[in-house]
Structures are given as structure tokens and as C-alpha cells.
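The values are calculated or read from the model by the stated rules, or taken from the named source; none is laboratory data. For clarity, every value in this text was computed on a predicted model and none was experimentally measured. Every residue, glycine among them, receives a Cβ derived from its backbone with ideal geometry; neighbour counts consider all protein chains shown.
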Amino acid sequence: MIISNYTLQAVKSSVNLNVVTDAPLPPEIPFENQSASSVGQLLDRSAKELSRNLGTMLKLQSGAERMVEKLLAGAAEQTLIAELGDLVQAKAERRQMWAQQLRQCGAVMTHCQETLPPEQRQCLDVAQEHIQLDLQERFSPPTEVAEAFEQSISSSNDFFDKLLELINLIKNGYLAGYEHIIAAYSEFFKDFNEEVSAKLKDWIKGANEGKEVDLNAGNIRHALNALIKKYSPPNAAAVLFPAPGMFPPPGASREEAEKWLKALGLPATSLRNNGNGTFSVVMDLGPLTTMMNGLPPNVYWITWDNAKFQYWQTGFNAQEERMKNTLQSFTQKYSNANSYHDNFNKTLSAHLNQYADMLKAMLNF
């Protein structure tokens, strides 16, 4: 929707610069005693800087998309997983810079509005309504944050406060959740590859002229046990949701945890009562448990004929495939969240550029 027919309610006198809590406050702007021309120049610089920060943030998108495509195609190399983790962190830093500049730009635009007569402010109010309505129509809120999204967009807060709340919600309440999930599960899968898959060649040996197979069940069991212990509650490595700092103390409610459990497609056993009135979603270690149960108990080395070994190997590989499918599923969900975030911000930036142009025209009238 293009902003047109600008004609709304008086804008409040200030922007709450503390809405986006993870970005430092921008430098104070000396607004006082500036001419309309100098204020217009300040607005122009601020809008251009906002666009520049958006472009910087989006530059990493193509690289992320290529890595996601490889993971979804079945690649699970440790180097690829590590690179995706680094890219996720880099994008998080760029998003923080974008949010900080949005706060700065909002402060400048608010000051510009306050210098205008009431009839022009009414035009700006209508433009704000157009922007808000278009964002609401184009971007149906994800189920993970739908309730909070609707509360923010229907609140009576100042327009720029509301935008900052939405940016913060999408960034920290939605995308950051999947960034943590990708990081946590990738680390788990990397550990499995290093501690189990990569060592199987040393734990499986041909015997009896190839008619039988010697299997070091003891070492496999020990490695699986170590992984289960590391990724079981109450260890922090077990937690997929909430991400650290995602909720104020004490943590997430059962309702919030159940929404994410459903969104992730995990079994009910992954919902954990933390014992203090909060809940979390933890790793599904079912594949590792099934691998453990497929090993003969109380033996170290065991000799099987080829048929028995093939039966065991098929079951073992099926569980590894389950974990790989889970990683691919989480990767797709992260990709969806990343696209939603970037597209929302691209659309918002385009609207704010139009809004800035309208403000500049009014200041120069």
C-alpha cells in the first residue's frame, strides 16, 4: 500500500527511547534553535542512515539463504553448521544497529512533527495510520508471538514507540528464539558427529573373513550416555526455548512454552516444568535413547553375523536420520523467521522513507 491522501490525531511530544532494550541509546540530538532548513537536513541524513543500516543488515541474507539451502538439502557438515552459527551472530549484531538507527530516526521525525502546525500534523496522522494498516495486512503475526503482536499494534502508544515495540518483538521475541534453537541443536548435532559418528569406524571391525562383525558396544554406549547427560535438564545445553534473556525472570509460562513446543513439532516429553512456575522446551533425546536400547546390555565387544549387524545398523542410521531431519526442520523455521523479520523491516523502511519525504516537503513549504 502506498502512502497517499495524508490527512490524523496529534502526535505525542516525545519518543520512548527505551523501548528496544538491547540497543544502546543514540547520541543526543541538539534540536533546539534550528531552522526549518537545518532540521530538514538532519531528517534527510537520519533517513539515509536508516536505509544504509538496512542495506548493511540485508547484505548477509544471501549467504544465510545459501547455507540454509545446503542444510535443507541434507548437508550437515560441521564446517557448514559452524559457518551458519557465525552468520546468525553477525546478523544479530547488524539488526541491533538497525534498531538503534530506527530509534534515532524516530526521535528526529517526532521533533520535525512538533515544529509543524496542527493541520499538517493531521496529514501525518493519516499517513501513520496507512503505514500501520499496511504492516498489519501484509504481515500476519507468527503464532509464536501473535498475541503480543496484536497487543502492540492495537495499543494507544505513540506511533514510533509502537514501531519500536513491534521491531523488538519480531527481533527478540520471535527470530532470536529460532537463532538460539539453531545454535543449540547445531551444537548437539555437531557433538553427535564428533563423538559418535566419526568414531564408528574405530568401533566396527570385520571378523571371520568378512562373515561377521565385531562391534564395540561399550564405547558406543559410553559416548551416547555422555551426550544424553550433557543435553539433559537441568543443563543449559538442553534448553531450546526460551533463549537466554528472552523473558524477564523467572521465565516463560506454560502457555508460552506450549506454543513453541507445538511450533517446533516436538513431542510432549520435551515440555519441562522447571519447578518454579516456569516451563521450558528441551531437546528430544529420543533418538539417542533408541540407539542405546538397540545395543546389547552389559557387554563391551560383541560379534554379530552380517545379517544381525545390518539390522542393527539400519536402526541406528534411522535414528541419526531423525536428528538430521530435526535439524533441517529447525533450519527451515529459522529461515522463515529470518525472512519475516527482513521483509517486515524492508517494508517499514520504504514507508518511513516516504514519510520522511513528506515531512521534508512540509518543512520546506
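Looking at ILE228, ILE220, which is the one that is in the same structural domain as PHE192 (by TED's automatic domain parsing), in contact with a helix residue (DSSP H, G or I) (Cβ under 7 Å, 6 or more places away or on another chain), over 20 Å from TYR311 (Cα atoms) and assigned to a helix (DSSP H, G or I)?
ILE228
Over 28 Å from the mean Cα position of the chain (by Cα), crowded, with 16+ Cβ neighbours inside 10 Å and under 30 Å from TRP301 (Cβ atoms): which single residue out of ALA217, ALA226, ALA198, ALA207 fits that description?
Values: ALA226 fails: crowded, with 16+ Cβ neighbours inside 10 Å; ALA198 fails: crowded, with 16+ Cβ neighbours inside 10 Å; ALA207 fails: crowded, with 16+ Cβ neighbours inside 10 Å.
Answer to the check: ALA217.
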When region 246-297 is examined, which residues are found to be within 16 Å of SER232 (Cα to Cα), outside any loop (DSSP other than H, G, I, E, B) and not aliphatic (A, V, I, L, M)? THR269, SER270, ARG272, ASN273, PHE279, SER280, GLY286, PRO287, THR289, THR290
Name the pairs whose Cβ atoms lie under 9 Å apart, with the first residue in region 342-359 and closer than 20 Å to GLN96 by Cα and in the same structural domain as LEU124 (by TED's automatic domain parsing), the second of a type in the set (Phe, Trp, Tyr) and not in a helix (DSSP H, G or I), and 6 or more positions between them or separate chains? ASN343/PHE139; PHE344/PHE139; THR347/PHE139
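With ASN298, ASN306 as the choices, which residue is at positive phi and either among the aromatic types (Phe, Trp, Tyr) or out of contact with any Cys (no Cβ under 7 Å at 6 or more places or on another chain) (or both)? If you could, list the steps in order and put the result at the bottom.
Values: ASN306 fails: at positive phi.
Result of the check over ASN298, ASN306: ASN298.
Looking at the structure I just gave you, is GLU144 crowded, with 19+ Cβ neighbours inside 10 Å and within 20 Å of the chain's Cα centre (by Cα)? Give the steps one after another, and end with the answer.
On the way: crowded, with 19+ Cβ neighbours inside 10 Å: yes; within 20 Å of the chain's Cα centre (by Cα): yes.
Here the answer is yes, as GLU144 does meet what is asked.
Among ASN276, ASN293, which is outside the structural domain of LYS171 (by TED's automatic domain parsing), over 20 Å from the mean Cα position of the chain (by Cα), under 30 Å from GLY173 (Cβ atoms) and surrounded by fewer than 16 Cβ atoms within 10 Å (Cβ to Cβ)? It would help to see each step written out before you state the result.
Values: ASN293 fails: under 30 Å from GLY173 (Cβ atoms).
The match here is ASN276.
Could you tell me how many of the residues in region 104-118 are surrounded by fewer than 18 Cβ atoms within 10 Å (Cβ to Cβ) and at pLDDT 90 or above? Lay out the reasoning, then the answer.
Here is the first cut: in region 104-118, the residues surrounded by fewer than 18 Cβ atoms within 10 Å (Cβ to Cβ) are 114-115, 117-118.
From the residues that got through so far, the ones that are at pLDDT 90 or above too are 117-118.
Within region 104-118, residues that are surrounded by fewer than 18 Cβ atoms within 10 Å (Cβ to Cβ) and at pLDDT 90 or above number 2.
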Subset of region 309-335 that is farther than 18 Å from PHE189 by Cα and out of contact with any helix residue (DSSP H, G or I) (no Cβ under 8 Å at 6 or more places or on another chain) - its residue that is surrounded by the fewest Cβ atoms within 10 Å (Cβ to Cβ): THR314
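Is it fair to say GLU212 is more than 18 Å from GLY286 (Cα to Cα), touching an Asp or Glu at 6+ places or on another chain (Cβ under 8 Å) and surrounded by fewer than 18 Cβ atoms within 10 Å (Cβ to Cβ)?
Working: more than 18 Å from GLY286 (Cα to Cα): yes; touching an Asp or Glu at 6+ places or on another chain (Cβ under 8 Å): yes; surrounded by fewer than 18 Cβ atoms within 10 Å (Cβ to Cβ): yes.
Here the answer is yes, as GLU212 does meet what is asked.
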Name the pairs whose Cβ atoms lie under 6 Å apart, with the first residue in region 263-284 and over 12 Å from TYR185 (Cβ atoms) and of a type in the set (D, E, K, R), the second modelled with pLDDT of 95 or more and crowded, with 20+ Cβ neighbours inside 10 Å, and 6 or more positions between them or separate chains? ARG272/SER280; ARG272/VAL282
Which of the following residues is in contact with a strand residue (DSSP E or B) (Cβ under 6 Å, 6 or more places away or on another chain), more than 22 Å from SER335 (Cβ to Cβ) and modelled with pLDDT under 95: ALA207, ALA238, ALA257? ALA207
Among the residues of region 336-352, the number that are in contact with a Lys or Arg (Cβ under 9 Å, 6 or more places away or on another chain) and surrounded by fewer than 17 Cβ atoms within 10 Å (Cβ to Cβ) is 2
